[in-house]
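This is the structure, below, for whatever I ask next.
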């Protein structure tokens with residue numbers, strides 16, 4: 001079954017009254033948060049015109065780790081979040097509210 005057909009079947013089940021288990025909802029929320037963080041890192045890195053290798057050097061990591069972060073395949077620790085924020089010359093803001101996860105890097109001004 002293709003991804004599109006699976007998604008449509010899942011959405012149809014949900015509209016017909018089937019509900020996801022709490023475990024599935026929790027896993028879905030974790031995936032959304034990982035994807036939001038991955039996108040925020042990618043967006044800030046490209047905004048700065050950095051390659052993954054250059055960001056890795058700034059953060060004291062290797063390129064493969066940056067690739068895993070941007071692919072939402074790594075769970076960042078607090079020290080890693082700090083290293084990335086410093087390397088991206090930005091403040092990291094994370095807002096968690098119900099079904100909404102927002103992760104943004106706010107660049108420091110050159111003042």
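All of the numbers you see were taken from the coordinates with simple rules; none came from a lab. It should be emphasised that the depicted structure is a prediction, and the values quoted were computed from it without experimental measurement. A quick note on method: Cβ atoms are made from the backbone with ideal geometry, for glycine too, and the neighbour counts reach across all protein chains shown.
Among 39-52, 67-80, how do they line up by average Cβ neighbours within 10 Å per residue, starting with the highest? It would help to have the intermediate numbers written out before the result.
Values: 39-52: 16.2, 67-80: 14.4.
Listed from highest to lowest mean packing, they are 39-52, 67-80.
How large are Rg and Dmax for region 18-111 when calculated on the C-alpha trace, in angstrom?
14.4, 54
What is the Å³ per residue value for the convex hull set by the Cα atoms of region 68-111?
Per-residue hull volume (Cα only) is 91 Å³.
Can you give the FRET efficiency for residue 97 and residue 35, using 1/(1 + (r/R0)^6), R0 = 22 Å, r = Cβ-Cβ distance, to the nearest 0.05?
Working from the Cβ atoms, E equals 0.85.
Starting from the coordinates of the alpha-carbon atoms of region 37-84, obtain the Kirkwood hydrodynamic radius over all distinct pairs and give the value in Å to one decimal.
Averaging 1/r across every pair of different Cα atoms and inverting gives 10.5 Å.
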